[in-house]
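Trainee: Below are the structure tokens for one structure; questions will follow.
The values are calculated or read from the model by the stated rules, or taken from the named source; none is laboratory data. If you're wondering where the values come from, they're calculated on a predicted model, not measured in any experiment. Ideal geometry is used to build each Cβ from the backbone, glycine not excepted, and the neighbour counts take in all protein chains shown.
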Amino acid sequence: MTRDNHLDRLKSGEIWDFIVIGGGATGLGVAVDAAARGFKTALLEQSDFAKATSCRSTKLVHGGVRYLQKGDVSLVREALRERGRLRRNAPHLVKDQRFIIANYRWWEKPFYTIGLTFYDLLSGKLGLGRSLPLSRKKVINAVPRIIRKKLRGGVVYHDGQFDDARLAVNLMQTAAEKGAVTVNYVKMTRLLKSNGSVTGVEARNEINGACFELQGRCIVNATGIFVDEIIRMDNRDEAPLVRPSQGIHLVVKGSFLGGNDAIMVPKTSDGRVLFGVPWHNRVILGTTDTPVKDFVLEPRPLEEEIDFVLRTSAQYLTNPPERKDVLCVFAGLRPLAATKRNADEKKTKEISRSHKLIASPSGLITITGGKWTTYRQMAQETVDLGIKIAGLPKKKCVTKEMKIHGYRETSDRSNCLYVYGSDGDKILALQAEKPEYAEKLHPDLDFTVAQVLWAVRQEMAMTPDDVLARRIRALYLDARAAMEIAPKVAAIMAKEMNKDEAWIKAQTEEFIALAKGYIL
């Protein structure tokens, strides 16, 4: 499970059935689906797996209550069914989360109870729990920090909660176990064509600069926020397919909610919903929907977005968080699938969250839009289309019931190793090898030296950012603490990867510069 081994296979001269460009939720899902059907599959990611949008979500596996408000029943039904499948296939990462909608007006309790009961019905046999009205007392018991003035009661409903980057890592491992080659830090630089048809790609190893070519029968553009760059490589005159929308989240201590239940504000001043979601003993507050112009790997939150989340939270929480209480602020860009009608509209919240799947005349397949919850369905449709376009043998999708790497039923989420599922035992064994492997990286975080070693040896982590942001999530839990342990993590990685002091210094400085953007 090393990057070098996968690179060697890439350069072996094989003709691939599927070459997937992009290592986010969608690309990884396509690689898993294609490899599980027995197709020769290669995946190229220009940075790290889930580096962009796919690690910056609200950490929800959900149908989308607000899409139901807009009448998009088919989108909600599809997402709810996929939510149930993901909960079943990756129970170590996806759990049932109770959400409370506090009611302050007389009509809200019956209104939301009826609407959320319909939400439950759409999930069919894959539901997580029943929506029910709550008394004022029960709302206060569930969310002790809720504002009590004029509180009449509430409604409870169920959705899924997960760790997005950890799921991405597990999907990468699942794809590899099914025979796929998956590599990070390899950028697709050019589409290869013959007689107008796409026949492969030219790629560059971003770590050493080496370039090589891959031949493939079906090329899939699953690059998320960067899909239009690839489309223009195929046809420079093609109109943009996606619109950028930015959403931010603030991470604060779990005490600001005071319990294990999440809250959902069904309508904020900008017409969105706001969530307060427990996550790894923290609370994530968000999100926003801000039109932006450019797609970048490291977007930065705007002051008005930060103020909006803090101001809205203060309307519902006693002793609400202030700027000084924010442990991390992160921004993500959504690749919303625009149409000609709304291509110039300013309100990105009006653009459908459904996905788009397109085959160009050259045979290039592009998949964009959607969300984490529906990644598996998107992948299935993409591989089905690829089989048709490339003339590959028909093979049935097998991912609906397929367990994801690390599969383990668990109810104990008090230990940070639970996100590793069945791999948790191997990390405990690693900690037992040497006393120093069991040492904590930071007194305020539970992560150990062994987890850094595991990330390098088994999860293809190449930089401190890979480890601290997406393997152990320290950056998203406490950005300042992550900065403090960056030199130690770089030193551990350097010893494991045979890097020198100059590498340690450069990587530490690079991570600290990046992490400063996650601090208010």
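Trainee: Working carefully through the options ILE427, ILE504, find the one that is farther than 26 Å from TRP279 by Cα, modelled with pLDDT of 95 or more, touching a helix residue (DSSP H, G or I) at 6+ places or on another chain (Cβ under 7 Å) and not in a loop (DSSP other than H, G, I, E, B).
Mentor: Answer to the check: ILE504.
Trainee: Among the residues of region 113-156, what is the count of those that are outside any loop (DSSP other than H, G, I, E, B) and either among the hydroxyl-bearing types (Ser, Thr, Tyr) or over 26 Å from the mean Cα position of the chain (by Cα) (or both)?
Mentor: Residues flagged as outside any loop (DSSP other than H, G, I, E, B) and either among the hydroxyl-bearing types (Ser, Thr, Tyr) or over 26 Å from the mean Cα position of the chain (by Cα) (or both) within region 113-156 amount to 21.
Results for (1) aliphatic (A, V, I, L, M); (2) in contact with a Pro (Cβ under 6 Å, 6 or more places away or on another chain); (3) under 30 Å from VAL198 (Cβ atoms), shown as yes or no for each residue.
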| position | (1), (2), (3) |
| --- | --- |
| ILE231 | yes, no, yes |
| GLU238 | no, no, yes |
| ILE248 | yes, yes, no |
| PHE256 | no, yes, no |
| ILE263 | yes, no, no |
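Trainee: Kindly provide the set of residues from region 431-479 that are among the acidic types (Asp, Glu) and more than 21 Å from the chain's Cα centre (by Cα), ordered by number.
Mentor: GLU433, GLU436, GLU439, ASP444, ASP446
Trainee: Out of all the residues in region 346-368, which are surrounded by 19 or more Cβ atoms within 10 Å (Cβ to Cβ), modelled with pLDDT of 95 or more and part of a strand (DSSP E or B)?
Mentor: Answer for region 346-368, where residues must be surrounded by 19 or more Cβ atoms within 10 Å (Cβ to Cβ), modelled with pLDDT of 95 or more and part of a strand (DSSP E or B): ILE365, THR366, ILE367.
Trainee: Of the conditions (1) farther than 22 Å from LEU116 by Cβ; (2) surrounded by fewer than 19 Cβ atoms within 10 Å (Cβ to Cβ), LYS70 clears all except one; give me its number.
Mentor: The number of the failed condition is (1).
Trainee: Only residues in region 482-499 that are assigned by TED's automatic domain parsing to the domain that holds MET462 count as the first member; pair them with residues that are outside any helix (DSSP H, G or I), Cβ under 6 angstrom, at least 6 apart or cross-chain, and list the lot.
Mentor: So the pair list comes out as ILE485/LEU441; ILE485/HIS442.
Trainee: Give the residue, chosen from LEU93, LEU43, that is under 27 Å from SER422 (Cα atoms), touching a Ser or Thr at 6+ places or on another chain (Cβ under 7 Å) and either among the hydrophobic types (A, V, I, L, M, F, W, C) or surrounded by 23 or more Cβ atoms within 10 Å (Cβ to Cβ) (or both).
Mentor: The conditions single out LEU43.
Trainee: Moving on to the next point. If you take just the strands (runs of 3 or more DSSP E) that sit entirely in region 227-304, which of them hold at least 2 residues that are under 19 Å from ASN319 (Cα atoms) and free of Cβ contacts under 8 Å to residues at least 40 places away in the same chain?
Mentor: 282-286
Trainee: If you don't mind, there's one more thing I want to ask. Got at least one residue in region 405-419 being over 22 Å from GLY24 (Cβ atoms), assigned to a helix (DSSP H, G or I) and modelled with pLDDT of 95 or more?
Mentor: So far as region 405-419 goes, yes, one or more of its residues are over 22 Å from GLY24 (Cβ atoms), assigned to a helix (DSSP H, G or I) and modelled with pLDDT of 95 or more.
Trainee: Here's something else I'd like to know. Within region 295-330, take every residue that is touching a Pro at 6+ places or on another chain (Cβ under 7 Å) and more than 21 Å from ARG480 (Cα to Cα) and give me the one that is surrounded by the fewest Cβ atoms within 10 Å (Cβ to Cβ).
Mentor: The selected residue is ALA314.
Trainee: Within region 483-520, count every residue that is within 20 Å of the chain's Cα centre (by Cα) and among the small types (Gly, Ala, Ser).
Mentor: Here the count works out to 2.
Trainee: Is it true that some residue in region 444-461 is farther than 24 Å from ASN5 by Cα and surrounded by fewer than 17 Cβ atoms within 10 Å (Cβ to Cβ)?
Mentor: Yes, the conditions are met somewhere in region 444-461.
Trainee: Checking ASP163 against (1) out of contact with any Ser or Thr (no Cβ under 9 Å at 6 or more places or on another chain); (2) surrounded by fewer than 19 Cβ atoms within 10 Å (Cβ to Cβ); (3) of a type in the set (D, E, K, R), which single condition isn't satisfied?
Mentor: (2)
Trainee: Of the residues that make up region 23-31, is at least one among the hydrophobic types (A, V, I, L, M, F, W, C), out of contact with any strand residue (DSSP E or B) (no Cβ under 8 Å at 6 or more places or on another chain), surrounded by fewer than 24 Cβ atoms within 10 Å (Cβ to Cβ) and not assigned by TED's automatic domain parsing to the domain that holds LEU250?
Mentor: No; the residues of region 23-31 include none that is among the hydrophobic types (A, V, I, L, M, F, W, C), out of contact with any strand residue (DSSP E or B) (no Cβ under 8 Å at 6 or more places or on another chain), surrounded by fewer than 24 Cβ atoms within 10 Å (Cβ to Cβ) and not assigned by TED's automatic domain parsing to the domain that holds LEU250.
Matching residues to (1) of a type in the set (S, T, N, Q); (2) surrounded by fewer than 24 Cβ atoms within 10 Å (Cβ to Cβ):
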site: LEU167; (1), (2): no, no
site: LEU171; (1), (2): no, no
site: TYR185; (1), (2): no, yes
site: GLY200; (1), (2): no, yes
site: ASN208; (1), (2): yes, yes
site: CYS211; (1), (2): no, yes
site: VAL220; (1), (2): no, no
site: ILE230; (1), (2): no, yes
site: GLU238; (1), (2): no, yes
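Trainee: Here are some conditions: (1) in contact (Cβ under 8 Å) with a residue 40 or more places away in the chain; (2) under 30 Å from THR174 (Cα atoms); (3) out of contact with any Ser or Thr (no Cβ under 7 Å at 6 or more places or on another chain). LYS426 meets all but one. Which one does it not meet?
Mentor: (1)
Trainee: Which pairs have Cβ atoms under 6 Å, sit 6 or more apart or on different chains, and link a residue in region 97-115 that is closer than 23 Å to LEU60 by Cα to one that is in a helix (DSSP H, G or I) and among the basic types (Lys, Arg)?
Mentor: Here the result reads ASN103/LYS109, each pair linking region 97-115 to a residue that is in a helix (DSSP H, G or I) and among the basic types (Lys, Arg).
Trainee: Check every one of the helices (runs of 4 or more DSSP H) wholly within region 1-92 and list those with 1 or more residues that are within 25 Å of THR410 (Cα to Cα) and β-branched (Val, Ile, Thr).
Mentor: Ranges flagged: 25-36.
Trainee: Output the residue which, of all residues in region 393-437 that are loosely packed, with under 15 Cβ neighbours inside 10 Å and among the hydrophobic types (A, V, I, L, M, F, W, C), is farthest from TYR375 (Cα to Cα).
Mentor: Result: ALA432.
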